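Below is one structure; the comments refer to it alone.
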Amino acid sequence: MKLKKSTIRAVVYFSLTALLIAYFFPREVKFRYLFYEGKPWRYDLLTASDDFPIYKTDEEVKAEKDSIRRRFEPYFRMDTKVKTEQIEKLRLDHAAGPGDGRTRSYLRYIENQLNRLYDSGILPVLEYERLKRENLGQVYVVKDNMAGLRSTAGFHTAKSAAERILSERPESLDEIVLASFHAGDYLTENLTEDREWSEKMLGEQLKKVSLSSGMVQAGERIVGPGEVVDHETYNVLRSFKTVYESKAAGNRWLLWVGQLVLIFGILLCCGLYMATFCPEIFFRRGNLLFTLLCMTACCLLSEIFVKHERFDLYILPFAILPIVVRTFFNSHTALFTHLITVLLCSLLAPFPHEFLLLQILAGVVVIFSLKELTQRSQLVRCSVYVFVAYALGYLSLSLYQEGDLGKIQWIMFLYFGINLVLLLFSYTLIYIVEKAFGYTSPITLIELSNINTPVLKKLSETCPGTFQHSLQVSILASAAGSEIGADTQLIRTGALYHDIGKMAHPALFTENQKGGINPHQDLPFEKSAQLIIHHVTEGVKMAEKASLPKAVIDFIRTHHGMGKTKYFYHSFRNAFPDTPVDEKLFTYPGPNPFSKETALLMMADSVEAASRSLNEYTEERLRTLVDKLIDSQLADGLLKNAPLTFREIERVKKTFVDKLKTMYHTRISYPDLAVKDANIQ
């Protein structure tokens, strides 16, 4: 058995959608258990399958490393050549001076001080101030490739060292004379921090920080059913989860394959549902692409939110999906599409059971509170209901799980409020979808059915009879549509526009003729038929020029189907019984009605027009007329493509008769005043 081309195309679309969603899915293994500190363990007894370490938390590791950084003694390198060079410079500068004993005592004192100060260490000013600011009591000093701890209390700057030489002089040395030797000229830094070595040694110490605080042996009991997960048990479970996910992460391609198969399987269920119960979506490219695009957009947005963790997932207005789908399709499709979408997104959610429960509640509320979107107030009311469903659902679920109001995360209600505001933008989204996919929403139909629109206003002015006829047809057809579950708003709007083509030549149609003048009296029958048929093609041109939706233009094309202009056709046959007739000259271009709505308009159009020729409007005459006209259309095959049952057709006939009786009912006659005025004699 060969597959239809449309079926193959649908399978390809579903496969591409699964690939796209799976491609952006995070490649992280999901731990099979959900656990929370302070909450009871909801699963069976859990034991360790292998040995694994109990990892410290990131905060604990960070605290240990910060402590090491605070206690770390940096490394400074001492340049021994500086001392030798400066002392030698001192000796050379004063070698040519007086050689008396007093001068030698001053030089000997300065040289001894230089030896002591350089051995203690002279730092740059900035380094010296940093050590004081950070309260570093000890540092490592590397001298002759040997490192040893030194107290920072003995360190000096060049300035403080020079002051030290003057302040520590013995009483036998005169301060003014000592200052004349300019000892500060022989003081310079000989101790600088070796940053590269300090960072290396700090890194070595940081590497020694243990990431674990113990071990769990294989087979060891971790937690039992109903036990409250305390802090210690939580750390063990968290470590077990980390080890589990790290082991499974090695086979990422298997993970991706599993994701792809799972996603495709879920989408396959959606495809089977559509193929069975919504073939108008599954087998029509535009409808299928629209539905899959909505689902893909929700999944990709969820993946972005979960991956970046900047916004909570509950801010996303998932309920906008059933609102938009319901606007253009039926409630069953909207609900099922929503269920499939949130099922896919639950694979990403941090708490999938809670997410799935709340989103299903929101979707069901949308379906029952928004049967038809025709007014903005309906959307506002629906959004409020969704907010209430989220709030009550979350509140009751939290009480069920926690049993404590103090543990409720009240910020969730803020997320639900943002969700409510975003839902209101579905009104704008519906307009965008209409333009992008060529759909027609009930909102647009209501706007078009306003008789003050340019087309209808012109129709009422140029063709008043046709306009009244269109109003009556809209009443008949929409009443019948209500009886059999058709789209009454679409019927009403289509009926108002179905005869706009008559505006091209209003006088050709009897309802617009005045003074008894009939242009057809002097025309051949086939010419008159062509002029009458022309109103269909003219109507299509006018509708396209006015940018009317395709759904409305379909009513103009099909309201006569491929039927004949029977008045002129029969007149020709009666006048020229022996002349061959070209039936194409008397046949409308069609097509025949292909939906309940277009079929109802055809029936209502012929019934309303013919009912005007009756001379009395009894129930029997009306029923006979309705039966004759509709049975004739059935016999001519004009309704063979319309999805109507015989039972529905009988209900339509009965509705037409009831409505026509109401339209043409006779009023009571008001009596004239028979009593004469008493003053008149």
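Some points to look at:
- Single residue of 607, 581 found to be in contact (Cβ under 8 Å) with a residue 24 or more places away in the chain and among the β-branched types (Val, Ile, Thr): 607
- Scanning region 388-441 for residues that are polar (S, T, N, Q) and within 27 Å of residue 377 (Cα to Cα) returns 419, 426, 428, 440, 441.
- Candidates 280, 303 - the one that is in a helix (DSSP H, G or I), of a type in the set (Asp, Glu) and either touching a strand residue (DSSP E or B) at 6+ places or on another chain (Cβ under 9 Å) or open to solvent by 30 Å² or more (accessible area, probe 1.4 Å) (or both): 280
- Considering region 35-47, and only residues there that are in contact with a Phe, Trp or Tyr (Cβ under 7 Å, 6 or more places away or on another chain) and of a type in the set (A, V, I, L, M, F, W, C), the residue that is least open to solvent (accessible area, probe 1.4 Å) turns out to be 41.
- Check on residue 568, assigned to a helix (DSSP H, G or I) and in contact (Cβ under 8 Å) with a residue 60 or more places away in the chain: no
- Number of the condition not met by residue 331 [criteria: (1) closer than 30 Å to residue 54 by Cβ; (2) hydroxyl-bearing (Ser, Thr, Tyr); (3) surrounded by fewer than 18 Cβ atoms within 10 Å (Cβ to Cβ); (4) in contact (Cβ under 8 Å) with a residue 24 or more places away in the chain]: (1)
- Filter result for residue 60 (modelled with pLDDT of 80 or more, out of contact with any helix residue (DSSP H, G or I) (no Cβ under 8 Å at 6 or more places or on another chain) and either open to solvent by 70 Å² or more (accessible area, probe 1.4 Å) or at positive phi (or both)): yes
- Looking across region 201-231 at every residue that is surrounded by 12 or more Cβ atoms within 10 Å (Cβ to Cβ) and part of a helix (DSSP H, G or I), the one that is nearest to the chain's Cα centre (by Cα) is identified as 206.
- Of all residues in region 533-551, those that are open to solvent by less than 50 Å² (accessible area, probe 1.4 Å) and without any contact (Cβ under 8 Å) to a residue 12 or more places away in the chain total 0.
- Within region 518-532, one or more residues are part of a helix (DSSP H, G or I), touching a helix residue (DSSP H, G or I) at 6+ places or on another chain (Cβ under 8 Å), of a type in the set (A, V, I, L, M) and open to solvent by less than 30 Å² (accessible area, probe 1.4 Å).
- Selection within region 369-381 - within 16 Å of residue 335 (Cα to Cα) and touching a residue at least 60 places away in the same chain (Cβ under 8 Å): 372, 373
- Being part of a helix (DSSP H, G or I), of a type in the set (Phe, Trp, Tyr) and closer than 16 Å to residue 13 by Cα is a description that applies to residue 290.
- In region 477-517, residue surrounded by the most Cβ atoms within 10 Å (Cβ to Cβ) [restricted to those that are under 23 Å from residue 659 (Cβ atoms) and more than 51 Å from the chain's Cα centre (by Cα)]: 509
- Residue 405 being in contact with a helix residue (DSSP H, G or I) (Cβ under 8 Å, 6 or more places away or on another chain), over 13 Å from residue 317 (Cα atoms) and open to solvent by 20 Å² or more (accessible area, probe 1.4 Å): yes
- Residue under evaluation residue 169, criteria (1) free of Cβ contacts under 8 Å to residues at least 40 places away in the same chain; (2) open to solvent by 70 Å² or more (accessible area, probe 1.4 Å), criterion not met: (1)
- Residues of region 412-427 that are modelled with pLDDT of 90 or more and open to solvent by 50 Å² or more (accessible area, probe 1.4 Å): 414, 418, 421, 422, 424, 425.
- Residue 148 being more than 60 Å from the chain's Cα centre (by Cα), within 30 Å of residue 94 (Cα to Cα), at pLDDT 85 or above and surrounded by fewer than 17 Cβ atoms within 10 Å (Cβ to Cβ): no
The values are calculated or read from the model by the stated rules, or taken from the named source; none is laboratory data. No experiment lies behind these values; they were computed from the predicted model shown. FYI the Cβ positions are ideal-geometry reconstructions off the backbone, even for glycines, and counts take in every protein chain you see. We work out accessible area using only protein heavy atoms, side chains counted, and drop any ligands, DNA or RNA first. Shrake-Rupley method; radii C 1.70, N 1.55, O 1.52, S 1.80 Å.
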